[in-house]
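The structure appears below as C-alpha cells.
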C-alpha cells in the first residue's frame, strides 16, 4: 500500500490540465433572482424595524431615521464585502477540482452562508463587541459612539476592498479586530491624556488575536498531515495528481469536496456573519434604545429568578468588601473606574453590590423588562452591561474568592444579565444573512484564482482540496462553538499551502510572501486607518 501511494505521487498526468471556466456569468435570470433577493431583504428589514419600533411605543423623526438607514447600509455593506472577499476560499477547491461548475459552487456557497447566519448562536457577535472601549459602548448614541461605529466599519471595508483588488486573501476577522483596537487607542489618546493601554481590553484582544494567529498554522500543519495520512489509507493515483481535463473526481471524493465546501460555507456564515450582527445591535441601541436596549421578549417568569439571584449576589459581594459596609453614593463611577483601570479599589465590591441592588429595585418596581419606562431603558441596559463587565473582570482577577455554590449563582446571574441585554432580532439575522449570501456571488473570481492557481506550482489535486477543506470546516466550526472569531481565509489558504508542501508540489514563494505580508500588515493598517477615521469623524460630528 505504501508503494502504491508513492507511485501515485509520481504518476504522470494522463491528460492536459484545463483550468475551470471562471468567466461564466449568471445571466439575466441570475440577475433577476439576485435583485429579487435584495429587494426581499430590504423589505423584511424595513418591516422588522418598523414592527419593533412601533411595539416599543415610539417613533423615529426624519434625522434619526436617515442616520439609522446610513448606519445599517454601512454595516450590511461590510458583510456584503466580507461575502465576496472571504467565501471565495470555500469554493476554490470544488471549482479547481471540477467538482462543481463555478456558478453552481458560488450559489451553493451563498445558500449555506445564509443558513449559517440564521442558526448562529450570537456568542461571536458579543465577543467582538466586548473588545470595544466600555465608555464608548455605554455612550453608543453619542457623537463619539457614532464616530466609533462608522470609523471601524469603513476602515474594515476599505482594507478588504484593497486586498481583494490585488487578489490577496486577507482576513476580514483580522481586519475588524484591528479596526476595533484602532478606535480604542484613538479614543484613549484623545481623552485620557495619552494612557492608551486602558482604551483596549488587551486580555480579550489577546484571546481573539491568538485564535486568528493560530488559524494559519493549524490550517497548514493539519491539512498537510491529513493529506499524508490520506495517501497511506487510500492509494488511488487519481487523488494525488492534477485533474484530467475537466473530468470530475471519483464520486466519493467529489461528495467529500462538495460536503466540505458546504461545511466551510455554513461555518463561515455562522462565525463571520455574527460580527456584523453585534455592530448592528450597537447601532440600534444607540439610535432606537427604547426598542433595542433591553430584550422585552423575555417572559415575566424571568423577574422572580433574577431578583432572587440579585439578592444572593449582592450579599455575597458586600460580605467580601472591606468593612462589609454598604456603599454610600452613586456606585457607577467606582465601578467604571475599576473597569477602566482593571485594578479593584477599596470600594469596588461594595459599589458593585449596590449597583446589583439598584438594578433589582428598578425591575421589581415594574415587574417586567417590557414595562420599564422608555425613558429608563438605556440607563438600565448601561447599568446591566457595566455590572456584567465588572463581574467578568473580577472573575478573571480571581477576586474575591467565593465557594462553589456562590460561583454558580454568580454565573447564573451573569447569564440573566446577558439574556436581558444580549439578543439579536430575527430580522437582523435575515438582513445579515442576505448581505453575506449575496456577497458570495459577486467579485469572487480574484480570490479564487489566487487560492486555486497561485499558491502551489502545480494544479490543485482532489486529495489536496479535500484535506484543506476538511481542516477549514472543522476549525471554523470548533471556533464558533467557543465563541472565537477565526479567519476562513487564513485557515483555507494556509491549508492549501500545507497540502502543496506535503504533496511535493512546490510553492509559489512570491504569492506566499504577498500573503504573509497581507497577514502581517492587516492588523497595523486597520489600527491606523480606523484610528485616523475615528479622529476625523469625531471632529466632524462634534462640530
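The values are calculated or read from the model by the stated rules, or taken from the named source; none is laboratory data. None of the values given here were measured: they were computed from a predicted structure. Using ideal geometry, Cβ is built from the backbone for each residue, glycine included, and neighbour counts are taken over all protein chains shown.
Quick notes on this one:
- Hits in the stretch 371-399 (condition: under 30 Å from residue 53 (Cα atoms), without any contact (Cβ under 8 Å) to a residue 24 or more places away in the chain and not in a helix (DSSP H, G or I)): 373, 375, 376
- The number of residues in the stretch 244-302 that are at pLDDT below 80 and within 30 Å of residue 368 (Cβ to Cβ) comes to 1.
- Considering the stretch 402-446, and only residues there that are without any contact (Cβ under 8 Å) to a residue 24 or more places away in the chain and more than 22 Å from the chain's Cα centre (by Cα), the residue that is surrounded by the fewest Cβ atoms within 10 Å (Cβ to Cβ) turns out to be 404.
Yes/no matrix, rows are residues, columns are (1) surrounded by 24 or more Cβ atoms within 10 Å (Cβ to Cβ); (2) within 15 Å of residue 489 (Cα to Cα); (3) at pLDDT below 85:
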position	(1), (2), (3)
148	yes, no, no
154	no, no, no
159	yes, yes, no
171	yes, yes, yes
192	no, no, yes
211	no, yes, yes
227	yes, no, no
231	no, no, no
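- Within the stretch 104-155, considering residues that are under 16 Å from the mean Cα position of the chain (by Cα) and either not assigned by TED's automatic domain parsing to the domain that holds residue 479 or not in a helix (DSSP H, G or I) (or both), the one nearest to residue 381 (Cα to Cα): 130
- Just one residue in the set 498, 504 is outside any helix (DSSP H, G or I) and either touching a residue at least 24 places away in the same chain (Cβ under 8 Å) or farther than 28 Å from residue 228 by Cβ (or both); that residue is 504.
- Options 49, 37; residue that is surrounded by 12 or more Cβ atoms within 10 Å (Cβ to Cβ), under 26 Å from residue 95 (Cα atoms) and modelled with pLDDT of 85 or more: 37
- Check on residue 360, closer than 18 Å to residue 124 by Cβ and either over 30 Å from the mean Cα position of the chain (by Cα) or in the same structural domain as residue 161 (by TED's automatic domain parsing) (or both): no
- Single residue of the stretch 243-255 satisfying the filter (in a loop (DSSP other than H, G, I, E, B) and within 35 Å of the chain's Cα centre (by Cα)) that is surrounded by the most Cβ atoms within 10 Å (Cβ to Cβ): 249
- Among the conditions (1) under 21 Å from residue 305 (Cα atoms); (2) part of a helix (DSSP H, G or I), the only one that residue 402 does not satisfy is (2).
- Single match in 431, 479, 472 (criterion: modelled with pLDDT of 85 or more, assigned to a helix (DSSP H, G or I) and touching a helix residue (DSSP H, G or I) at 6+ places or on another chain (Cβ under 7 Å)): 431
- The numbered conditions (1) more than 22 Å from the chain's Cα centre (by Cα); (2) farther than 17 Å from residue 86 by Cα; (3) touching a residue at least 24 places away in the same chain (Cβ under 8 Å) are all true for residue 531 except (1).
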